[in-house]
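Readers should treat all values here as calculations from the given coordinates under stated rules, not as data from a laboratory. In this text the structure is predicted, and so the values were computed from the model without any measurement. All Cβ positions, even for glycine, are placed from backbone atoms using ideal geometry, and neighbour counts span all protein chains on display.
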Amino acid sequence: MKNTASSRLFAICASIPPIQPQNMLPFVIMVGLWIVLRIQGIAEGPAFVVSVVSAQAYLVWRNLPMAAANLTKMGGPGRRMLHGLVGITLAVAVLQLSLSSPLFTQRLLTVICAFFLVIMLLGILREREMLDRLSPAMPINGQHTAPVSLLRVNATMAALIIGMNEALIMYESPAVWITVMPVVMLVLHAVYWALVLITIPSDSDSNTKTMA
């Protein structure tokens, strides 16, 4: 059994996909701007906020076309929802720049993750009902397999991000936060995929799984 567990752990570690370069670009933008602004003599607080808001703006810009395409399928209300989300995003960005408070910007990540965590927990309460509605996958060998839910994995990741963000905030140093956060996200990337691979049964190579 020990050898089986070791083999399973090795297989999981070997199966973790590398992080995509575009997913690291926000952190490159954030750290790069931070360095440039600090070299130019900009105060720590404003430099931090401008760097983080710039990274946020890139994330919104990168995901906006996909969000627009998905919401367009919903018709008129979907497009109005997109305009509303863009407006809220711009308002939050302006608020951050106006306050120029590193603590507010840092805590914003906690608020977003807490909202996501609540959504995941509400989904877990109705998880069984949702899974029962899904049709079981039909692999080539004709055996039905139960669908797999990642709600608990997503909830765990949200809780981890909140915990690590609050731990970094305790240092009361924007420089520490902005330097360590990219490393934290690399670690969380590995943790996320490890949890996903653990959640999926070990015979997933021979059986197609349905994820909810």
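Evaluating 6.51 cos²θ - 1.76 cosθ + 1.60 at θ = phi - 60° for every residue in region 27-32, the Karplus couplings come out as 6, 5, 4, 4, 5, x Hz, glycine and proline recorded as x.
Amide H contacts of I200 (H built 1.01 Å from N, in plane; Pro and chain starts excluded): no residue 5 or more places away or on another chain comes under 5 Å.
Across region 35-47, computed HN-Hα scalar couplings (Karplus, 6.51 cos²θ - 1.76 cosθ + 1.60, θ = phi - 60°) run 5, 4, 5, 5, 5, 6, x, 5, 4, 4, x, x, 4 Hz from first to last residue, x flagging Gly and Pro. With K and R counted +1 and D and E -1, the other residues having a Cβ less than 15 Å from that of A175 yield a net charge of -1. Relative to its residue count, region 1-63 spans a Cα convex hull of 128 Å³ per residue.
Distant-in-sequence amide contacts of L150, defined by a placed amide H-H separation under 5 Å and a gap of 5 or more residues or a different chain, comprise A212. The local environment of L103, defined by Cβ-Cβ distances under 15 Å, has a net charge of -2 under the rule Lys, Arg +1 and Asp, Glu -1. Residues whose amide H comes within less than 5 Å of that of S173, counting only those at least five positions distant or on another chain, are absent (H built at 1.01 Å from N in the peptide plane).
Sticking with the crude label model, points 7 Å out along Cα→Cβ, report the distance from A68 to A190 in nm, one decimal please. Distance between label points: 3.8 nm.
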